[in-house]
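The structure under discussion appears below in the form of structure tokens.
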Amino acid sequence: MNTPNSGTPLLEMQDIDISFGGVAALRHARLSVTAGEVHALIGQNGAGKSTLIKILTGAYRRTSGTIRFDGREADFRSPKEAREAGISTIYQEINLVPFRSIAENIFLGREPRRFGLIDWKTIHRRAQELLDSFGLQIDVSKPVREFSTAIQQMVALARAVSSDAKMVIMDESTSSLDEREVELLFTVVRRLRDDGRAVIFVSHRLDELYALCDRVTVMRDGQTVAESPMAALDKLQLVTTMLGRTLAAVVHEDSAVKEANLAKRGSTAISATNLGAGAKVTDVSLDVHSGEAVGLAGLLGSGRTETMRLMFGADPAERGSLSIDGKPVTLKSPQDAIARGIAYLTEDRKGEGIVPELSVRDNLTLVCLRTLTKRGVVDVAKQREIVDRFIESLGIKLRSADQPIRELSGGNQQKVLLARWLATNPGLLLLDEPTRGIDVGAKADVAKIIRELRDSGLAVLLSASELEELTAVADRAVVIRDGKTVAELDGARMSEASIMDAIAYGSGEESALAEAVDAKEGQP
Ligand code: ADP
Ligand code: MG
């Protein structure tokens, strides 16, 4: 293989810009990768990692910027062109042909031939040798669809190994794998690297990154904010870089109020014990009392949304247990959860929340409509009373309750959605990113509403990516990482710093940040 000298990057992307519908998704993004390294590309969800990769592989067209690959200006117009130039991409949903055999998939499109005919014997032998060398004992003549995602990824990697791919890109491809499968995959990735190929590895599991990667590029809000050897950044630095917070900014206040709130909270409204489903939620334990607001903290992708979905019966829990008001329950569906007094405000306001063409009135009463309907007829007077009451109490700004909700600002739409759930008279509110994407004024309003609901005795579990917003509203925080509860921080112990510390290190190392701060302050 033609390996460039070390030092000369195999890939150099510079000043990459792209917009979607007038919104910039990447701004002067850069990425530089050398042959023979595993390069971590990290950032929170939406930071622009996949977009940058899609630009490289020709799936998206950049607005501006330059790409050099393997010593040449590169401008791939399709993933096929990129593949032909030696860039192999492995997604979570793998692009193999499900009904063809493993061996066929490995050599698809470049089958060895004898006398012009496809040489099946050679294909099978070489495929078997390849997978044996990965330590996989599987029958390569079986169709791909009979195997797990992990095996399918190994097949995709084997395809890359057997071709002359100079670069292999793995975009979140480990997120659905279990630990043993990940370890197996890493063995293969290391082999690719030792062969002198470059691997770009996108993952938000910090431990994986340290175990595997040589260097790291950190993205935030469409920009490249750090490039470094992996070992030169500790986990805390990595997390603060991803979140865009510096140590100096991490100081906190008004814990006395939170302590007082916790002291007068009511009994346990819901409790989750070792809750799990799939690979996204592995082991979540938490409880929420009435009269308290608990913050569910963690990086995007850590399993916060998935945890809330389990607590709302939107997905079935596979492991662990839930109890409501002290009684064990199995939530069979959202209807089941609603009937038990649970409300869930989704993070996806546009996709799952509002029905844009319907009026504010209909949107607001969408969930409670059933209780307002007798023999198929809606009690219009009652509906009007509810709508007016919430418009008034939540301060929803609008022209008329009959106007389509899409005409309202994001903040007012969010208040309508909150009202939709409050109209069901819940005991527990699950709020996923309630302040995301709304303006500052509306954020303050929503925070105030949440506090009032808490004070009126509701149990509130909320998530917010902005730790500042989370700690402003929550009385205590439960921190999850990779789908697992790693820390619980009450009142005075909850701060942006302690939460970040827990995100970076998990529990039991809470002094790490304090030490880092001390060390920093000790410097001249
Ligand atoms: P990441 O992979 O880091 O989670 P993405 O690259 O998927 O982030 O997304 C970066 C930003 O670009 C997000 O705000 C996302 O909504 C936006 N985006 C990506 N692809 C599209 C698209 N096809 N249309 C509109 N917006 C997009
Ligand atoms: Mg992505």
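The values are calculated or read from the model by the stated rules, or taken from the named source; none is laboratory data. Since the model is a prediction, treat every value here as computed from it, not as a measurement. Here Cβ is always computed from backbone atoms with ideal geometry, including for glycine, and neighbour counts include all displayed protein chains. What goes into the accessible areas is simple: the full protein's heavy atoms, side chains included, and nothing from ligands, DNA or RNA. Shrake-Rupley method; radii C 1.70, N 1.55, O 1.52, S 1.80 Å.
Label sites at Arg61 and Val378, each approximated as a point 7 angstrom past Cα along Cα to Cβ, lie 4.5 nm apart. Beta bridges per DSSP, both residues in region 105-228: antiparallel share near 60 percent. The figure for Ser359 is an accessible area of roughly 20 square angstrom, using a 1.4 Å probe on the protein chains alone.
In terms of the Cα gyration tensor, with a ≥ b ≥ c the square roots of its eigenvalues, is region 14-71 rounded because a/c is under 1.5, prolate because a/b exceeds b/c, or oblate? Here region 14-71 falls in the oblate category. Across the accessible surface of the chain, with the other protein chains kept in place and a 1.4 Å probe, carbon and sulfur atoms take up 50 percent. Of the peptides 345-351, 226-232, 411-417, the order by per-residue mean of other Cβ atoms within 10 Å, starting with the highest, comes out as 411-417, 345-351, 226-232.
If you take every DSSP beta bridge whose two residues both sit in region 11-248, what share of them, in percent to the nearest 5, is antiparallel? Taking every DSSP beta bridge with both residues in region 11-248, the antiparallel ones total about 60 percent. Treating r as the C-beta distance of Asp195 and Ser19 and R0 as 51 Å, the FRET efficiency rounds to 0.85. What residues have an amide H closer than 5 Å to that of Ser285, excluding those fewer than 5 places away on the same chain, when H is modeled at 1.01 Å from N in the peptide plane? HN-HN under 5 Å from Ser285: Asn274, Leu275, Thr485. All other residues whose Cβ lies under 13 angstrom from that of Arg193 are scored, Lys and Arg at +1 and Asp and Glu at -1, for a net of +1. Taking other residues whose beta carbon is less than 11 angstrom from the beta carbon of Asp75, and scoring Lys, Arg as +1 and Asp, Glu as -1, yields +3. Close amide H pairs (under 5 Å, H built 1.01 Å from N) link Asp315 with Leu310, residues at least 5 positions away or on another chain. Modelled label positions at Glu129 and Ala256, each set 7 Å beyond Cα in the direction of Cβ, lie 7.6 nm from each other. Work from the charge dipole of the chain (Cβ charges, +1 for Lys and Arg, -1 for Asp and Glu, about the Cα centre) and give the residue of Ile503, Leu394, Leu331 farthest towards its positive end. Ranked along the dipole, the leading option is Leu331.
Whole-Hz Karplus values for region 353-360 come out as x, 6, 9, x, 7, 7, 5, 4 Hz, taken residue by residue from phi with 6.51 cos²θ - 1.76 cosθ + 1.60 and θ = phi - 60°; glycine and proline positions read x. Taking a ≥ b ≥ c as the square roots of the eigenvalues of the Cα gyration tensor of the chain, is the shape rounded (a/c under 1.5), prolate (a/b larger than b/c) or oblate? Cα axes put the chain in the prolate bin. As a length-normalised measure over Cα pairs under 8 Å and 6 or more apart, the relative contact order of the chain settles at 15 percent.
For the chain, the 222 nm mean residue ellipticity estimated from helices alone, with every DSSP H stretch of n ≥ 4 adding -39500 (n - 2.57) and the total spread over all residues, rounds to -10000 deg cm²/dmol.
Taking every DSSP beta bridge that has both ends in the chain, the antiparallel portion is near 55%. Between the Cα long axis of helix 511-522 and the first principal axis of the chain there is an angle of about 80°, rounded to the nearest 10. Cross-link candidates for Lys415: which lysines have Cα within less than 24 Å, leaving aside residues fewer than 8 places away along the same chain? Qualifying lysines at Cα under 24 Å: Lys350, Lys382, Lys397, Lys443, Lys448. Along region 271-283 the Karplus relation, 6.51 cos²θ - 1.76 cosθ + 1.60 evaluated at θ = phi - 60°, assigns HN-Hα couplings of 9, 10, 10, 6, 5, x, 7, x, 9, 7, 10, 9, 6 Hz to successive residues, with x for each Gly and Pro.
For Gly295, the residues 5 or more places off, or on other chains, whose built amide H falls under 5 Å of its own are Leu462, Asp475, Arg476, Ala477, Val478. Summary of packing: across the peptides 162-171, 315-324, the per-residue average of other C-beta atoms within 10 Å ranks them, highest first, as 162-171, 315-324. The angle between the Cα long axis of helix 149-162 and the longest principal axis of the Cα atoms of the chain comes to about 30 degrees, rounded to the nearest 10.
Excluding Pro334 itself, calculate the net charge of residues whose Cβ lies under 12 Å from the Cβ of Pro334, where each Lys or Arg counts +1 and each Asp or Glu counts -1. That works out to 0. When only Cα pairs below 8 angstrom with a gap of at least 6 residues are kept, region 11-248 shows a relative contact order of 29 percent. The gain in end-to-end length when the Ala339 to Phe115 segment is fully stretched comes to 73.7 nm, 0.36 nm per residue minus the alpha carbon separation. The overall shape of region 188-303, judged from the alpha-carbon gyration tensor, is oblate: a/c is not under 1.5, and a/b is no greater than b/c. Output the 0 to 90 degree angle, nearest 10, between the alpha-carbon long axis of helix 410-422 and the longest principal axis computed from the alpha carbons of the chain. Approximately 60 degrees, to the nearest ten. The residues of region 11-248 expose, per residue, 44 Å² of accessible area to a 1.4 Å probe. With the cut-off at under 19 Å, measuring from each backbone N in region 6-49 to a point 7 Å along the Cα-to-Cβ line of Arg68 picks out 6-17, 28-37.
Ligands, DNA and RNA are left out, and with a 1.4 angstrom probe the accessible area of region 379-428 is 47 Å² per residue.
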